[in-house]
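What follows is a short report on a single structure.
The values are calculated or read from the model by the stated rules, or taken from the named source; none is laboratory data. Note that the structure is a prediction, hence the values are computed from the model and not measured. Because the Cβ atoms are built from the backbone with ideal geometry, glycine has one as well, and the counts that use them run over all protein chains shown.
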Amino acid sequence: MTVKAILVAGGYGSRLSPFTHYTQKTLLPLFDRPVIDYALGTIRRAGIKDITIISNKFVGQIASHVGHGLAGERIHYVIEEEPLGVAHALALARPYNEDARVMVYFSDNITTLEFEAHVRAFDEADEPPGCLLIAREEANPEAFGVAVLDANGGICDIVEKPSTPPSNLAIGGIYMFDEFFWDYLDEAVAVKGDGFSISDITRMYVKQGNAEVLSVGKDTWVDCGTSESLLQASIMARDGKLNPKPHR
């Protein structure tokens, strides 16, 4: 079953105001390339050819930059007319991705992790492979989904943006899900409604023992959602530590 990608680039981008009054935050520069090029580079190096980009009123600017994609790619653009939450944004992408396993990539996240082997494993798995979660140790994990650890140090649950984090292990930004993703989305939305977060899905996989956790380790994972982190990532891009290229 083919792995497709959903690149979520919607919302107001309020943490990067006033720049996001005039453009989408993924078009802001990381040194000499826009943020979205680094996200797309990660997706493309993983071997994914079918990409849905969800964005706000500036989706036309993104389409002008990305165009029809590279040879052999299919790029779908979906407009999120109002920022009504993650569940609503994902529902907009559903018609293009319901028949596939998916990488859900929140566009703020820039990483040096490579996913080619993981995408290949998802492609080739005869049985549903569950989900893949990205984890890193974070000094202030309150802004993320945070892992709850059992007595053996394994992840037994995930809580979203807790005021009192149960650990310093942040989960999030980039996920891979098998074909049960949409069923779990429907189930979670039915229960949580407007209070839904992506952690409501990941914790289903975790509790079933169907989640693999990929630790960042010595690699990099930067959330570019603030001016401070955007500057940090720009310096890393200038120094050649981040890769926007579609191939290695």
Within region 41-57, restricting attention to residues that are in contact (Cβ under 8 Å) with a residue 60 or more places away in the chain and touching a Ser or Thr at 6+ places or on another chain (Cβ under 9 Å), which residue is nearest to Glu228 (Cα to Cα)? Thr42
Considering only residues that are at pLDDT 95 or above, within 17 Å of the chain's Cα centre (by Cα) and among the hydrophobic types (A, V, I, L, M, F, W, C), look in region 66-86 and name the one that is farthest from Thr202 (Cα to Cα). Ile75
Considering each of Tyr38, Tyr77, Tyr12, Tyr105 in turn, give the residue that is outside any strand (DSSP E or B) and either over 30 Å from Gly240 (Cβ atoms) or in contact with a helix residue (DSSP H, G or I) (Cβ under 7 Å, 6 or more places away or on another chain) (or both). Tyr12
Residue check: is Glu114 assigned to a loop (DSSP other than H, G, I, E, B), surrounded by fewer than 16 Cβ atoms within 10 Å (Cβ to Cβ) and not aliphatic (A, V, I, L, M)? yes
Please indicate, with yes or no, whether at least one residue in region 158-169 is under 17 Å from the mean Cα position of the chain (by Cα), of a type in the set (Lys, Arg) and either under 28 Å from Cys224 (Cβ atoms) or surrounded by fewer than 23 Cβ atoms within 10 Å (Cβ to Cβ) (or both). yes
State whether the residues of region 132-140 include one that is in contact with a His (Cβ under 7 Å, 6 or more places away or on another chain), assigned to a strand (DSSP E or B) and at pLDDT 95 or above. yes
Strands (runs of 3 or more DSSP E) enclosed by region 148-248 - at least 3 residues per element that are modelled with pLDDT of 90 or more: 169-177
